[in-house]
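Taken together, the values in this text are just the output of simple stated rules run on the coordinates, not laboratory data. If you're wondering where the values come from, they're calculated on a predicted model, not measured in any experiment. With ideal geometry, Cβ positions are generated from the backbone for all residues, glycine too; neighbour counts draw on all protein chains shown.
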Amino acid sequence: MSWIVVRARSDVKVERSIRETMGMLNLTRVNHAVIIPENPQYKGMLQKAKDYITWGDANAELIERMISERGRLVGDKPITDADVKEATDYSSIKEFAAAIASGDATVKDMPEMKRVFRLHPPRGPKGWGGLKRTYVVGGALGPRGEDISALVERMI
């Protein structure tokens, strides 16, 4: 399994350890997203920065769309099936995305691919929905579970 993590808030006036944790997650700017494997170390990092990020379970279709539309190689070139075939054991973006979603592969398996996905701000009338409250009470922060798909779809 994998998680999609999106940074929602800036790090102005943030405790240094939280800022460093977001840096370790490669979330250096607002509206940046990363795909990380589901393990206890990353879970602790997410809990540390929960007031500035949101995350949820990744599915293969969403990862495939993120890689094909917003993924970039070094040099800011878009990613194609040929690039994936050349750099990994997978023959297409779809197979690579399915492997990432299942936990068999990570984004790091393709070294030329940038690990950060630069997304648009959320489109639509709701926008983020409140940057100071958790998702459970109608805001934008913290764990979302499967509902991360709807947010990332609006941001791609």
For segment 1-155, whose charge dipole is built from +1 on Lys and Arg Cβ atoms and -1 on Asp and Glu Cβ atoms, the candidate among Asn39, Ala58, Gly145 with its Cα farthest towards the positive end is Gly145
Going residue by residue through segment 4-21, the Karplus relation 6.51 cos²θ - 1.76 cosθ + 1.60 with θ = phi - 60° gives ³J(HN,Hα) values, rounded to whole Hz and with x marking Gly or Pro, of 9, 10, 10, 7, 10, 10, 6, 10, 5, 6, 10, 4, 4, 5, 5, 4, 5, 5
GNM of the chain, Cα pairs under 10 angstrom: of Ala87, Ala105, Ala97, the biggest fluctuation goes to Ala87
Cα gyration tensor of the chain - equivalent ellipsoid semi-axes, whole Å, descending: 26, 16, 15
For the chain, size of Cβ-based charge dipole, Lys and Arg +1, Asp and Glu -1, in debye: 1040
Of Glu146, Glu69, Glu15, the most mobile residue in a GNM of the chain (C-alpha springs, cutoff 10 Å) is Glu15
Picking from Ile53, Ile18, Ile63, which is most flexible by a Gaussian network model of the chain using Cα springs under 10 Å? Ile18
